[in-house]
Amino acid sequence: MESSLERPLPAFILPIAGVLLGLIIGSFLATLILRWPEGRSVVGGRSSCDHCGHQLRVWELIPVVSFIQQAGKCRQCGAIIAQDHIAIELAAALIGGLSLLAAPDAQGLAGALFGWLLLTLAALDVKHHWLPDRLTLMLAVSGLLTGLLFAHPALQDRIIGGGLGFAALALIATIYKRIRKRDGLGGGDPKMLGAIGCWLGWQALPLVILGASAVGILVAIYWRLRGKNVDAETMLPLGSLMAIAAFPLWLFQAAGTGSLY
């Protein structure tokens with residue numbers, strides 16, 4: 001008779017664990033996204049209300065649950081907690097669950113890291129048009145290190161993807177600036193695409209750009225429907241658009257044959 005220790009875990013266990021881990025990671029990321037651009041410490045001292053400084057107790061720090069229990073407000077001062085916080089927590093939970101559903105092993109954990117880094121960069125780009133070099137470097141290095149552990153994409157394809165992704169957008173930015181006499185891309189966008197290439201390989205880069213363009217068109221249509229003016233001067237967060245396109249491509253790689261080609 002097969003012992004209980006030898007039975008494989010039910011298929012849903014690891015994705016659920018990914019969701020729970022994602023909630024915890026998401027709570028930290030939401031704080032980082034809020035405080036880092038303001039130059040405030042993310043890890044120093046106890047967590048507190050950003051409005052009144054009330055130090056949060058353990059039961060006020062439970063991801064999503066505390067937000068719902070407190071009706072989205074600080075218990076002390078009644079200030080509304082930014083809804084970005086719960087959105088980041090839920091997004092991180094979804095990333096963790098989908099990653100371990102697509103690859104219920106160490107590769108899934110690596111993919112979750114990829115998604116969480118993309119989520120952080122995307123949020124910072126949307127809110128502040130800022131793609132910190134430290135985060136894009138972390139994204140690139142972790143992608144290359146992952147290439148030492150997993151066969152697909154091959155390490156050489158990741159290295160080429162890093163260089164080609166950066167060079168392609170840097171060249172486009174340079175040509176645009178010479179023709180139009182103004183910046184058309186942020187300085188972090190080429191680094192972001194290069195870092196994504198270090199995860200997905202050079203072959204996936206056209207799909208990342210195509211996906212980012214499609215999402216950008218949908219965003220522009222939505223803005224127009226809401227009455228917002230959209231023209232050549234309108235700034236779209238390209239880094240965020242590329243992040244939205246890149247993570248589903250990783251899921252496809254992980255759940256499929258390991259490649260997009």
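Got a sec? What order do 149, 236 fall in by accessible area at 1.4 Å, biggest, i.e. largest, first? Could the numbers behind the result be given before it?
Working: 149 135, 236 70 Å².
Accessible-area ranking of 149, 236, largest first: 149, 236.
How do 192, 235 rank by accessible surface area computed with a 1.4 Å probe, from largest to smallest?
Numbers: 192 0, 235 125 Å².
Per-residue accessible area, sorted high to low, gives 235, 192.
Given H placed on each backbone N at 1.01 Å, which residues far from residue 130 in sequence or on other chains put an amide H within less than 5 Å of it?
Distant-sequence amide H within range of residue 130: 125.
Name the trypsin sites (Lys or Arg not before Pro) in the range 167-234 that are in a loop by DSSP and that have at most 11 other C-beta atoms within 10 Å, would you? Write down the numbers at each step before the final one.
Working: sites: 177, 178, 180, 181, 182, 191, 224, 226, 228; in loops: 181, 182, 226, 228.
Passing both the DSSP loop test and the Cβ count: 181, 182, 226, 228.
How large is log10 of I(q)/I(0) for the range 137-249 at q = 0.13, 0.15, 0.17, 0.18 Å⁻¹ when the intensity is taken from the Debye formula with one equal scatterer per alpha-carbon?
Result of the Debye calculation: -0.52, -0.67, -0.81, -0.88.
Which ³J(HN,Hα) values in Hz, rounded to whole numbers, follow from the phi angles of the range 18-31 under the Karplus curve 6.51 cos²θ - 1.76 cosθ + 1.60, where θ = phi - 60° and Gly and Pro get x?
x, 5, 5, 4, x, 4, 5, 4, x, 4, 5, 5, 4, 5
From the backbone phi of the range 241-246, what are the Karplus-calculated ³J(HN,Hα) couplings (6.51 cos²θ - 1.76 cosθ + 1.60, θ = phi - 60°) in whole Hz, Gly and Pro given as x?
Values, residue by residue: 5, 5, 5, 4, 6, 6 Hz.
Using a Förster radius of 25 Å, what is the FRET efficiency between residue 177 and residue 220 based on their Cβ-Cβ separation? Nearest 0.05, please.
Numbers: r = 22 Å, r/R0 = 0.89.
According to the calculation, E is roughly 0.65.
The values are calculated or read from the model by the stated rules, or taken from the named source; none is laboratory data. From a predicted model like this one, the values you see are computed outputs, not experimental measurements. Neighbour counts are summed over all protein chains in view; Cβ atoms, including those assigned to glycine, are modelled from backbone coordinates with ideal geometry. For accessibility, only protein heavy atoms count, side chains too; no ligands or nucleic acids. Shrake-Rupley method; radii C 1.70, N 1.55, O 1.52, S 1.80 Å.
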